[in-house]
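One structure, as structure tokens, below. Some questions next.
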Amino acid sequence: MKKEFHINISRLRSSMETMGKVGIIDDSPGRSRIALTSQDKDGRDLFVSMLSSEGLDVRVDPIGNIWGIRAGRTDALPVMMGSHLDSVANAGIFDGSLGVLAGLEVIRTLNEHGIETEKPLAVASFTNEEGARFQPDMMGSMVASGCYPLEDALQARDDKGISVEAALKEIGYAGNDRLQASSYLELHVEQGPVLDREKIQIGVVKGIQGIAWWHGTYTGEANHAGTTPLDYRKDSLLAASELCCEMRLLAEKIGAGALATVGRIHPYPDIINVIASQTWFSLDFRHYDRTVFEEGKKEVEGLVRRIARQHGVSCKLEQVANALPVSFPLSMVQMVERHARKSGYSLAPIVSGAGHDAQFMHRMCPSAMIFVPSRNGRSHCPEEYTSWEDIERGTNLLLRCILELGCSL
Ligand SMILES: [Zn+2]
């Protein structure tokens, strides 16, 4: 039996804080490493220098994903860790950077203790996870896993008309390598309040919930607010208002984590004494279970039509997004859970409300995620915070899982 060894939290903290200084503009409280900007290039350059000083073989693919490979005893496909170094504007230091730099810390720990693995290990930073400048988001992992065509991604343009292809060339990160992995693990901050509120140290991520979006319109009749009796009205705004409340009740009825939201409502003509003839709205429905997700979508559509009939208005509904739920393989989820239990950490199964690179790497190879608490559920802001004790636990758990995956053939 090998002696227990652990990651070095002060070394990881120092790397996180060093990366956290990249992209600070004019003493602002947050940093901005928006994908493929000069600040993103600075973050990438720092990461590449860190990979090189650990003696890793640095690779870059045509969409600019960067990864470093540590050789194993065999030339099997690597066990990969990773996340993203790009950020939203005015971000904290944890979202994304944690998964990348914790992966590097795992490799540093193994190097320090001279531990060999059967399979090679790799740590990756995926291009444009945030989608703040170029869409779609999660672009690097989507392209690497074959879920989005490289050509289309390279042609995506920002508000100024600059293409991903041009921006990648400008910062010198258009490579020729092919990203491959035998399995993938991503440590990430929860970005929600559950673990922090429940005082749970580790979230064992079962999957990522599906997201459906619609745009809809109710069309009734404009008329005088003072002269039209209630039972003569065809009030599109009243129908949309009922839809807001009924969407909430529908989510409660479905239960088990279902979420339904009317985020936008635009009545027309939007005048104080006129019954709105037309009301445009957006709908968002989420669930992690594929069957419940599919049934829930039908219920949402049925609800929109039923309310239209009750109010004597017509309706139009167009679905504009449909990202199916992801369930990580049970063997991977159970591995995370087993090592968390063995280490004596408090844990809970959790479903990710946000998208992550793991949801696309999952299409390439068995994948899983580990969540650590986000204080007050805050993220995408300078106040984003996870305690270093939680990060130490999460990274040690990552190490244990990587050893299991890397030492089996
Ligand atoms: Zn992230």
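If Trp213 satisfies every condition in (1) in a strand (DSSP E or B); (2) under 19 Å from His339 (Cα atoms) but one, which is the exception?
Failed condition: (2).
Filter the range 30-69 down to the residues that are in a loop (DSSP other than H, G, I, E, B), free of Cβ contacts under 8 Å to residues at least 60 places away in the same chain and surrounded by fewer than 23 Cβ atoms within 10 Å (Cβ to Cβ) and list them by number. Before you say what the answer is, go through the steps one by one.
To start, the set of residues in the range 30-69 that are in a loop (DSSP other than H, G, I, E, B) comprises 30, 32-37, 54-56, 61-65.
With free of Cβ contacts under 8 Å to residues at least 60 places away in the same chain added as a condition, the list becomes 32-33, 54-55.
Correct list: Ser32, Glu54, Gly55.
Can you tell me which residue in the range 360-384 is most open to solvent (accessible area, probe 1.4 Å), limited to those that are within 16 Å of the ligand (Cβ to nearest atom) and over 15 Å from Gln191 (Cα atoms)?
If we take residues in the range 360-384 being within 16 Å of the ligand (Cβ to nearest atom) and over 15 Å from Gln191 (Cα atoms), then His362 is most open to solvent (accessible area, probe 1.4 Å).
If you don't mind, another one. Which count do you get for residues in the range 70-102 that are of a type in the set (Gly, Ala, Ser) and crowded, with 23+ Cβ neighbours inside 10 Å? Steps first, please.
Of all residues in the range 70-102, those of a type in the set (Gly, Ala, Ser) come to 71-72, 76, 82-83, 87, 89, 91-92, 96-97, 99, 102.
Retained after the next criterion (residues that are crowded, with 23+ Cβ neighbours inside 10 Å): 82-83, 87, 91-92, 96-97, 99, 102.
Summing the residues that are of a type in the set (Gly, Ala, Ser) and crowded, with 23+ Cβ neighbours inside 10 Å in the range 70-102 gives 9.
Still on this model: Can you pull out the residues in the range 289-300 that are open to solvent by less than 80 Å² (accessible area, probe 1.4 Å) and touching a residue at least 24 places away in the same chain (Cβ under 8 Å)?
Filtering the range 289-300 down to residues open to solvent by less than 80 Å² (accessible area, probe 1.4 Å) leaves 289, 292-294, 296-297, 299-300.
Of everything in the range 289-300, those that are open to solvent by less than 80 Å² (accessible area, probe 1.4 Å) and touching a residue at least 24 places away in the same chain (Cβ under 8 Å) turn out to be Asp289, Val292, Phe293, Gly296, Lys297, Glu299, Val300.
Yes/no per residue for (1) buried (at least 20 other Cβ atoms within 10 Å of the Cβ); (2) in contact (Cβ under 8 Å) with a residue 60 or more places away in the chain:
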site: Met142; (1), (2): yes, yes
site: Ser145; (1), (2): yes, yes
site: Pro149; (1), (2): no, no
site: Asp152; (1), (2): no, no
site: Gln155; (1), (2): no, no
site: Glu170; (1), (2): no, yes
site: Tyr173; (1), (2): yes, yes
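Which of the following residues is within 26 Å of Ser374 (Cα to Cα), acidic (Asp, Glu) and open to solvent by 10 Å² or more (accessible area, probe 1.4 Å): Glu130, Glu112, Glu105?
Numbers: Glu112 fails: within 26 Å of Ser374 (Cα to Cα); Glu105 fails: open to solvent by 10 Å² or more (accessible area, probe 1.4 Å).
Going through Glu130, Glu112, Glu105 in turn, the sole match is Glu130.
Let me ask another. Would you confirm, using the coordinates I've provided, whether Gln334 is open to solvent by 60 Å² or more (accessible area, probe 1.4 Å), farther than 30 Å from Thr117 by Cβ and not hydroxyl-bearing (Ser, Thr, Tyr)?
Numbers: open to solvent by 60 Å² or more (accessible area, probe 1.4 Å): yes; farther than 30 Å from Thr117 by Cβ: no; not hydroxyl-bearing (Ser, Thr, Tyr): yes.
Considered against the rule, which asks whether it is open to solvent by 60 Å² or more (accessible area, probe 1.4 Å), farther than 30 Å from Thr117 by Cβ and not hydroxyl-bearing (Ser, Thr, Tyr), Gln334 comes out as no.
While we're looking at this one, here's another question. So, in the range 396-409, how many residues would count as being among the aliphatic types (A, V, I, L, M) and open to solvent by less than 20 Å² (accessible area, probe 1.4 Å)?
To start, the set of residues in the range 396-409 that are among the aliphatic types (A, V, I, L, M) comprises 397-399, 402-403, 405, 409.
From what's left, open to solvent by less than 20 Å² (accessible area, probe 1.4 Å): 397-399, 402.
Result for the range 396-409: 4.
Would you pick out the residues in the range 346-359 that are touching a helix residue (DSSP H, G or I) at 6+ places or on another chain (Cβ under 7 Å) and within 13 Å of the ligand (Cβ to nearest atom)?
If the condition is that a residue be touching a helix residue (DSSP H, G or I) at 6+ places or on another chain (Cβ under 7 Å) and within 13 Å of the ligand (Cβ to nearest atom), then Asp357 is the only one that fits.
Going by what's in this entry, would Ile107 be described as touching a Lys or Arg at 6+ places or on another chain (Cβ under 8 Å), modelled with pLDDT of 95 or more, away from the ligand (no atom under 16 Å from the Cβ) and among the aliphatic types (A, V, I, L, M)? Explain how you work it out, then say what you get.
Working: touching a Lys or Arg at 6+ places or on another chain (Cβ under 8 Å): yes; modelled with pLDDT of 95 or more: yes; away from the ligand (no atom under 16 Å from the Cβ): yes; among the aliphatic types (A, V, I, L, M): yes.
Judged against the criteria, Ile107 is a match.
Hey, can you tell me all the residues within the range 309-321 that are open to solvent by less than 80 Å² (accessible area, probe 1.4 Å) and at pLDDT below 95?
We begin by selecting, within the range 309-321, every residue open to solvent by less than 80 Å² (accessible area, probe 1.4 Å); these are 311-315, 317, 319-321.
Passing the criteria: Gln319, Val320, Ala321.
Residues that are under 17 Å from Arg363 (Cα atoms), open to solvent by less than 60 Å² (accessible area, probe 1.4 Å) and of a type in the set (Val, Ile, Thr): does the range 157-164 have at least one? Write out each step before concluding.
We begin by selecting, within the range 157-164, every residue under 17 Å from Arg363 (Cα atoms); these are none.
Looking through the range 157-164, none of the residues is under 17 Å from Arg363 (Cα atoms), open to solvent by less than 60 Å² (accessible area, probe 1.4 Å) and of a type in the set (Val, Ile, Thr).
Quick one: how many residues across the range 385-395 are open to solvent by less than 10 Å² (accessible area, probe 1.4 Å) and either assigned to a loop (DSSP other than H, G, I, E, B) or more than 22 Å from Ala91 (Cβ to Cβ) (or both)? I'd like the intermediate steps shown before the answer.
If we filter the range 385-395 for residues that are open to solvent by less than 10 Å² (accessible area, probe 1.4 Å), which is where we start, we get 386, 391, 394-395.
The next check asks that each one be either assigned to a loop (DSSP other than H, G, I, E, B) or more than 22 Å from Ala91 (Cβ to Cβ) (or both); those that pass are 386.
Adding up the residues that qualify gives 1.
The values are calculated or read from the model by the stated rules, or taken from the named source; none is laboratory data. The shown structure was predicted, so the numbers you read here are calculated from the model rather than taken from an experiment. Quick reminder, even Gly has a Cβ in these numbers, built from the backbone with ideal geometry, and neighbours come from all protein chains shown. Areas reflect the complete protein model, heavy atoms only, side chains present, ligands, DNA and RNA absent. Shrake-Rupley method; radii C 1.70, N 1.55, O 1.52, S 1.80 Å.
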